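Here is the structure we will look at.
The values are calculated or read from the model by the stated rules, or taken from the named source; none is laboratory data. Quick caveat: nothing in here was measured; it's all calculated off a predicted structure. Glycine gets a Cβ as well: all are built from the backbone with ideal geometry, and neighbour counts include every protein chain shown.
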Amino acid sequence: MSKVLVIGAGGVGSVAVHKMAMNPGIFSDIHLASRTVSKCEAIGESVKERTGVAIGTYAIDADDVEATSALIRSIGPELVVNLALPYQDLAIMDACLATGVNYLDTANYEPRDVAKFEYRWQWEYQDRFKDAGLMALLGSGFDPGVTSVFAMWLKKHKLKTIRTLDILDCNGGDHGQHFATNFNPEINIREVTAPARHWQDGQFVETPAMSTRQSFDFEGVGAKNMYLMYHEELESLARFVPEMERARFWMTFGDAYIQHLTVLQNVGMTRIDPVIYNGVEIIPLQFLKAVLPEPASLGPTTKGKTNIGDIATGEALDGSGEKTFYVKNICDHEEAYAETGNQAVSYTTGVPAMIGAAMMLTGAWEGPNGEGGVFNMEQFDPDPFMDMLNTQGLPWTCEELSEPLPF
Ligand code: NDP
């Protein structure tokens, strides 16, 4: 029975709060704060209608550490779940330290002026959280999040060592728009236009954005082109699964998406440095976000499935030589929408955020000897998390493949 404060009322925040309300034995008192309070209220109404649970709603600018600390103090939660944007991570961690409350997020910190994500800034909080006896859990979404739990489950149950790991993220959904992103457009476009990086023989190898393409036949979706990208779990996986020779992250994009993105890039609309327009400083990418559809608005029209999983090759635990396993989840956009009013990209992130919070609040996941600190998903027993995926709407399967990926 625990009190929780969620910050961020976008698609992911909406799913997490709905799923928390569906688990009243763990989340007995739910509060939601965000920059625009009307979005919290709309989520509150939907939660009440679907589950009968009433939640508290508040306006907050989470960049303001003092104001966030005051809000946390007035509510008194055991845990703050940060589902705002990566820019707010450090400010919310500071507010948690100031008020003595545990912390969870789904995306690692990014400074606004450099399109670069690294765990370094948040790992530097390790001593402060440890000294305060508080726990911070980083990256508890699907990717990052479940993809790391999948890898650790394979290491626990199937493979003694992982030699190669490929994370395959396919969104086979069609929202009927010419161009739209399935989560925050600014964060999504910064991620996609950044150079690709993969882990190879102890170091990251950089290649130009979207320059490596493969086709893969995704169950429930069909054959799709997928592109090599950098994704933040590669950094934590490289740290916690040090034997890996190679780790890569792939994401599918349709030709129309790539065409639109190429034009937007060529004309400078994805720039994140300020330009002067009519005497006012604007960031082109932020302006672009303002004219693109809100991801949350895509829910009613999106059809199709997501299919996200890990393919790992390594030495089998049972001594039978080298083996390849594929663990994945397939999620249906329309089913996700029917349950929480949000499409599958928000659903596949919001459900693991709720599960990560449940792991912390029930004590299933805690630091060694109950100590605090800043933790990644790879540091905990994957089993209770994998069990909850099955019961909370993201069932997974594991199959043995006859050979490693041919590319
Ligand atoms: P949205 O843009 O839909 O929602 C973000 C919410 O945060 C909005 O309600 C926004 O308010 C609020 N917000 C922004 N800035 C502040 C601030 N300074 N103070 C308070 N609230 C603020 O994003 P999503 O819901 O799609 O994504 C949420 C998070 O999840 C992001 O960090 C994203 O990177 C991450 N994510 C992680 C994934 C994973 O698998 N690990 C996958 C997808 C997303 P307003 O409405 O006023 O703009």
(request) Out of the residues in region 1-17 that are more than 15 Å from A296 (Cα to Cα) and buried (at least 24 other Cβ atoms within 10 Å of the Cβ), state the one that is farthest from the ligand (Cβ to nearest atom). (result) V4
(request) Could you list, in sequence order, all residues of region 255-298 that are more than 24 Å from N225 (Cβ to Cβ), modelled with pLDDT under 95 and of a type in the set (G, A, S)? (result) G268, A290, A296, S297
(message) Step by step: first the residues of region 116-150, then only those that are farther than 22 Å from F183 by Cα and of a type in the set (K, R), then the one that is nearest to the ligand (Cβ to nearest atom). Which residue is that?
(response) R120
(request) Scan region 55-89 residue by residue and report those that are surrounded by fewer than 18 Cβ atoms within 10 Å (Cβ to Cβ), under 21 Å from G11 (Cβ atoms) and away from the ligand (no atom under 13 Å from the Cβ). (result) G56
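Which members of region 18-54 meet the condition of being part of a helix (DSSP H, G or I) and either over 21 Å from T348 (Cα atoms) or within 11 Å of the ligand (Cβ to nearest atom) (or both)?
Answer for region 18-54, where residues must be part of a helix (DSSP H, G or I) and either over 21 Å from T348 (Cα atoms) or within 11 Å of the ligand (Cβ to nearest atom) (or both): V37, S38, K39, C40, E41, A42, I43, E45, K48, E49.
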(message) Quick test for you: out of T391, T324, pick the one residue that is surrounded by fewer than 23 Cβ atoms within 10 Å (Cβ to Cβ), farther than 26 Å from D217 by Cα and out of contact with any helix residue (DSSP H, G or I) (no Cβ under 6 Å at 6 or more places or on another chain).
(response) T391
(request) Could you identify the single residue in S34, S46 that is touching a residue at least 40 places away in the same chain (Cβ under 8 Å), in contact with a Cys (Cβ under 8 Å, 6 or more places away or on another chain) and of a type in the set (S, T, N, Q)? (result) S34
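Go through region 213-303 and tell me which strands (runs of 3 or more DSSP E), entirely inside it, have 3 or more residues that are among the hydrophobic types (A, V, I, L, M, F, W, C), closer than 25 Å to A180 by Cβ and within 15 Å of the ligand (Cβ to nearest atom). Don't jump to the end; show me each part of the working.
Numbers: elements: 213-218, 222-229, 246-252, 275-277, 280-282.
Passing ranges, in order: 246-252.
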(request) Using the structure shown, decide if D94 is outside the structural domain of E186 (by TED's automatic domain parsing), surrounded by 18 or more Cβ atoms within 10 Å (Cβ to Cβ) and of a type in the set (D, E). (result) no
(message) Quick check on my filter: what residues within region 313-344 are within 21 Å of A21 (Cα to Cα) and aromatic (F, W, Y)?
(response) Y337
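So, of the residues in region 159-181 that are in contact with a strand residue (DSSP E or B) (Cβ under 6 Å, 6 or more places away or on another chain) and assigned to a loop (DSSP other than H, G, I, E, B), which turns out to be surrounded by the most Cβ atoms within 10 Å (Cβ to Cβ)?
Going residue by residue through region 159-181, those that are in contact with a strand residue (DSSP E or B) (Cβ under 6 Å, 6 or more places away or on another chain) are 159-172, 174.
Narrowing further to those that are assigned to a loop (DSSP other than H, G, I, E, B): 160-163, 172.
Values: K160: 13, T161: 17, I162: 24, R163: 16, G172: 20.
Within region 159-181, the match that is surrounded by the most Cβ atoms within 10 Å (Cβ to Cβ) is I162.
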(request) Identify, from the list E334, E315, the residue that is charged (D, E, K, R), touching a strand residue (DSSP E or B) at 6+ places or on another chain (Cβ under 7 Å), more than 20 Å from F27 (Cα to Cα) and without any contact (Cβ under 8 Å) to a residue 60 or more places away in the chain. (result) E334
(request) Using the structure shown, decide if P111 is within 11 Å of the ligand (Cβ to nearest atom) and either in contact with a Phe, Trp or Tyr (Cβ under 7 Å, 6 or more places away or on another chain) or not aromatic (F, W, Y) (or both). (result) no
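Mind listing whichever residues of region 255-277 are within 24 Å of the chain's Cα centre (by Cα) and either touching a residue at least 24 places away in the same chain (Cβ under 8 Å) or outside the structural domain of E206 (by TED's automatic domain parsing) (or both)? Walk me through how you get there before you give the answer.
Within region 255-277, the first condition is being within 24 Å of the chain's Cα centre (by Cα), and the residues that meet it are 257-258, 261, 270-272.
If the condition is that a residue be within 24 Å of the chain's Cα centre (by Cα) and either touching a residue at least 24 places away in the same chain (Cβ under 8 Å) or outside the structural domain of E206 (by TED's automatic domain parsing) (or both), then Y257, I258, L261, T270, I272 are the ones that fit.
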(message) Looking at the structure I just gave you, is L401 more than 16 Å from the ligand (Cβ to nearest atom) and under 25 Å from K160 (Cβ atoms)?
(response) yes
(message) With the structure loaded, tell me whether E371 is surrounded by fewer than 16 Cβ atoms within 10 Å (Cβ to Cβ), touching a helix residue (DSSP H, G or I) at 6+ places or on another chain (Cβ under 9 Å), among the acidic types (D, E) and farther than 27 Å from G11 by Cα or whether it fails that test.
(response) yes
